[in-house]
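J.: Got a structure for you, written out below as structure tokens; questions coming shortly.
Rule-based calculations on the coordinates, nothing more; no lab input. These figures come from a predicted structure and were not determined experimentally. As a convention, Cβ positions derive from the backbone with ideal geometry for all residues, glycine included, and neighbour counts pool all protein chains shown.
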Amino acid sequence: MENHSSNNIHHSGTHQEHATHSCCQHHHSEHSASKGVNWKALYQEYGTPVSIIIAGIIIASAMPGSQWGSIANLFAKTGSASGPSAIEEAVLPAKGVKLPVVWGDLGARLVEAGAIDPVALKQVYESRGPSTGESADFVAWPAATTGGSFPSEYEKLLSGRTNGELTIDGNNAGYLLNLLWAFGLANENPILGDKTEMMNPAYGGAGNFASTGGWTIAKGGAMEHYGKHALVALTEEQQELVDRVSRNIYRPCCGNSTHFPDCNHGMAMLGLLELMAAQGMSEENMYKYALKVNSYWFPDTYLTMAEYMQGKGIDWKKVSPREMLGVNYSSAAGFRNILSQVSAPAQGGGGSGCGVEAGGASAQPRQQSGCGI
């Protein structure tokens, strides 16, 4: 395997070219056969223990110094003394981005179903201590709504009802990732039953992936909730839309589309697509907002992409979201190619790990990007 150190990504062949992060635990059967390795047996023997180890590592990363600190730290490293650069503001608006979706009482329903154990989730955040969402280097970044280490904003999304549209910013991106991960995993959807991807017998079942084995804050095992709860129903037309769009949205932690949600970013994006489709969003806008969300989850990746596009004379606000989210840009292999053509890629924060994220300010730049809680 070839290691790409800047993203901690391992690559292996699948379909045309499959790049997988070390904690997206699978390989395609075609590749397995060519190497004479019984991957199914390996996953059955080691998949779940590895998932548990990964989850433990990522829970530990929620302690002070975690990678999901405020994006203010990124701006402090790459922006001017007065704030973020024009590229940073275009990719990661300091005021955040309002998403045209309503969360409603989904948090409370996920808790009621047992897909989220609220005590376990809060412990991840409380283990960090007080969190203001501010950085000593860049105090202009908006502070989280707080009352301690588990802000009231988070509590309302988890246990109350929110009738307004969601807003994602540098403080809450990791928390929204966790909520959308839980929703994408728990909500009934035929994509989760695809026998060529998540439910492919060659992988030993869906329970060995980072998106399932890494979700350790449910009551019972994650697979007890996998596609088991009718939280948001889609019409046939809406399901076709989610299916189509999910096949065209990739993530730089591996080489799979959202249609194959084997890590937390993929599962969370699937949940977001379901919400957007159910609430009547057009296909064009689904790509538009998916790019904005992916940018907060993988800031280094998309800052580098914006620099690359600027070098080609294309302003980030003028790019095609569908193209930027596609395999040639947002997959691990695609971004590796882009990175090789950028002389001085962004050196700020990375992205979330593929695990439950605690957020809060951090004194260290974040690393991009792993798979777990």
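J.: Whose amide H sits under 5 Å from the amide H of Val101, counting only residues 5 or more places off or on another chain, with H placed in the peptide plane?
T.: Leu166
J.: A further question follows. So, how do all the Cα-to-Cα distances of segment 181-317 break down into 5 Å bins, in percent, from 0 on up?
T.: In whole percents, the pair-distance histogram is 2, 10, 19, 22, 19, 13, 8, 4, 2, 1, 0.
J.: With 10 angstrom as the radius, rank Leu325, Leu270 by how many other C-beta atoms surround their C-beta, starting from the fewest.
T.: Leu325, Leu270
J.: Between Glu240 and Lys312, 0.36 nm times their residue separation minus their Cα-Cα distance comes to what?
T.: Working: separation 72, 0.36 × 72 = 25.92 nm, distance 3.45 nm.
Difference between extended and current length: 22.5 nm.
J.: Now for a separate question. Arrange the following residues from fewest to most other Cβ atoms within 10 Å of their Cβ: Thr304, Thr235.
T.: In order of increasing Cβ crowding within 10 Å: Thr235, Thr304.
J.: Follow-up question, since we're still on this one. What ranking do Cys253, Cys263 get, fewest neighbouring Cβ atoms within 10 angstrom at the top?
T.: Taking fewest neighbouring Cβ atoms as first place, the list is Cys263, Cys253.
J.: A further question on this structure: Among the listed pairs Lys122/Lys292; Lys95/Lys292; Lys95/Lys318; Lys292/Lys312, give every one whose C-alpha distance is greater than 24 Å.
T.: Working: Lys122/Lys292 27 Å; Lys95/Lys292 13 Å; Lys95/Lys318 20 Å; Lys292/Lys312 21 Å.
Too far apart for the 24 Å limit: Lys122/Lys292.
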